[in-house]
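This report concerns only the one structure given below.
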Amino acid sequence: MKKKVAIIGAGQVAEKVHVSYYQTREELELAAVVGPNPERVKDFAERNGIPQYFTNAEEMLAAIKPDIVSVCTPNRFHCENVLLAIAYGCDVICEKPPAISAAEAKQMRDAAEANGCLLAYDFHHRFADDVTILHDKVKEGMLGDVYVTKVKALRRCGIPGWGSFTDKEVQGGGPLIDLGAHMLDAALYVLGFPKIKRVSAKMYQKIGTKKSKGTLGEWDPNKYEVEDSLFGFIELEGGGLLQLETSFALNIKDTSIMNVEFCGDEAGATLFPAQIYTDEGGELVYLLDRETADADRHPKSMEAFVDRCLGKDRMVADGRQGYVIQQLIEALYQSAEKGESVTL
């Protein structure tokens, strides 16, 4: 018997990532979609061949009784919809970030574990082959002691001109919670999720309130409520340091940078594409040199989640790891707002 799938949220990521993947799996039946606007959710359902549509998530869950639920709503509504789906016994994949607070992420983690449900987050960058390769090489000790990690999730002028990305109440923040969360997850996964000791951060709002157009469309500068950029130092237990740079708008040369560097006492590495290198007598020597990064990340993330739902032993970005990421995001914002270090 096929597993029933429902989607809560009828936006771009729901259609381009979740619907498009579920339709490739013959073990699944895409049964329903939920959206707040009756006309738009009806159009979404008809366009994607989904038989039923609803404007209320609980009505859908009671009527359809799905096995699997995707939560693709704005960040503010992640927690309530994840908890609702888990209460109905569903396995859930939620778009990142997990929530807008660590308390919510903990609630979601605890509910999934108490109800025996799978909770996964779509931190899709960690499913690139490059990440898998470096994770294994770090674990094998090829880099030695990795004591400095540099995380960059930067855009020169890439403030999204759609959705609610500039609304702090709905999103919980700007580039840190939207972009930085992805690269932080990838970095921490490669490192084996070491414990975090202390964070310090500084954030700025210098450009989004002055400009109104960029590479990702137009926005209203009078309604720009989130940070342009945030810079953080994350101290790891054992003495390691993780440096973070993230921005929607920052006057840099590149249009966009999404990458992680690892510095060990035996070798260094870059994540996208995966490269490992060292110095021999002043000469750079490559120990691993992939020419291009794996771009097929979203489907691999969805595949891992569905396979786990079907009983296969697959790695997912689970509720516990999601809580760690949310704690880190919250601590970085708190440090930037208070102007002092935050201990976890």
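The values are calculated or read from the model by the stated rules, or taken from the named source; none is laboratory data. Computed from a predicted structure; not experimentally measured. Note that we place each Cβ from the backbone using ideal geometry, even for glycine, and neighbour counts take in every protein chain shown. These area figures cover heavy atoms from the full protein model, side chains too; ligands, DNA and RNA do not enter into them. Shrake-Rupley method; radii C 1.70, N 1.55, O 1.52, S 1.80 Å.
So what is log10(I(q)/I(0)) for the stretch 165-305 at q = 0.09, 0.14, 0.19, 0.21 1/Å, when the Debye sum runs over its Cα atoms only?
-0.37, -0.85, -1.26, -1.35
Write down the percent of antiparallel bridges among all DSSP beta bridges whose residues are both part of the chain, to the nearest 5.
Expressed as a percentage, antiparallel bridges in the chain total about 60.
Stokes-Einstein D for the chain at 10 °C, 1.306 mPa s, Kirkwood Rh over Cα pairs, in µm²/s?
76
Measuring from label point to label point, each 7 Å out along Cα→Cβ, what is the T24 to E237 span in nm?
Using points 7 Å along Cα→Cβ, the separation is 3.9 nm.
Can you list the aspartates and glutamates whose alpha carbon sits under 19 Å from that of K139, skipping same-chain ones fewer than 8 residues off?
Result set, ordered by chain and number: D129, D130, D185, E237, E261, D265, E266, D289.
Among the listed pairs K106/K300; K223/K300; K65/K312, give every one whose C-alpha distance is greater than 24 Å.
Too far apart for the 24 Å limit: K106/K300; K223/K300.
Highest first, please rank the peptides 222-231, 335-344 by the mean number of other Cβ atoms sitting within 10 Å of their residues.
Details: 222-231: 20.1, 335-344: 14.6.
For the peptides 222-231, 335-344, the packing ranking is 222-231, 335-344.
Build a GNM of the chain with springs between Cα atoms under 10 Å: which of Q327, Q12, Q243 gets the top mean-square fluctuation?
Taking springs between Cα atoms under 10 Å, the residue moving most is Q12.
Between R314 and K168, what FRET efficiency comes out of the Förster formula 1/(1 + (r/R0)^6) with R0 = 41 Å and r the beta carbon distance, rounded to 0.05?
My answer for the efficiency is 0.70.
For the chain, modelled as a GNM with alpha-carbon contacts under 10 angstrom, which of A274, A99, A120 fluctuates the most?
Evaluated over the chain, the most mobile residue of the options is A274.
If R₀ is 51 angstrom, what is the calculated FRET efficiency for the pair K2 and K139, using the beta carbon separation as r and rounding to 0.05? Numbers along the way, then the final one.
Values: r = 37 Å, r/R0 = 0.73.
Using R0 = 51 Å, I get an efficiency of 0.85.
Give me the angle, in degrees from 0 to 90, between the Cα long axis of helix 129-140 and the longest principal axis of the Cα atoms of the chain, rounded to the nearest 10.
Helix 129-140 sits at roughly 50 degrees to that axis.
With axes computed from alpha carbons, what is the tilt in degrees of helix 102-115 against the longest principal axis of the chain, rounded to the nearest 10 within 0 to 90?
Helix 102-115 sits roughly 60 degrees off the main axis of the chain.
Determine the share of the chain's accessible area contributed by carbon and sulfur atoms, expressed in whole percent, with a 1.4 angstrom probe.
Details: 7070 of 15590 Å².
C and S fraction of accessible area: 45 percent.
May I ask which of K152/K210; K211/K253; K168/K213; K150/K210 have a Cα-Cα span longer than 21 Å here? Please list the in-between numbers first.
On the way: K152/K210 24 Å; K211/K253 18 Å; K168/K213 19 Å; K150/K210 29 Å.
In this structure, K152/K210; K150/K210 lie more than 21 Å apart at Cα.
Per residue, how many Å² of accessible area does the chain show with a 1.4 Å probe?
Values: 15590 Å² over 344 residues.
Value for the chain: 45 Å² per residue.
If you build a Gaussian network model of the chain, linking Cα atoms that sit under 10 Å apart, which residue out of M315, M108, M258 swings the most?
M315
Simple spin-label model, 7 Å along Cα-to-Cβ: T255 to D289 in nm?
2.8
Can you compute the modelled spin-label distance between D110 and E80, with each label point 7 Å from Cα toward Cβ, in nm?
2.0
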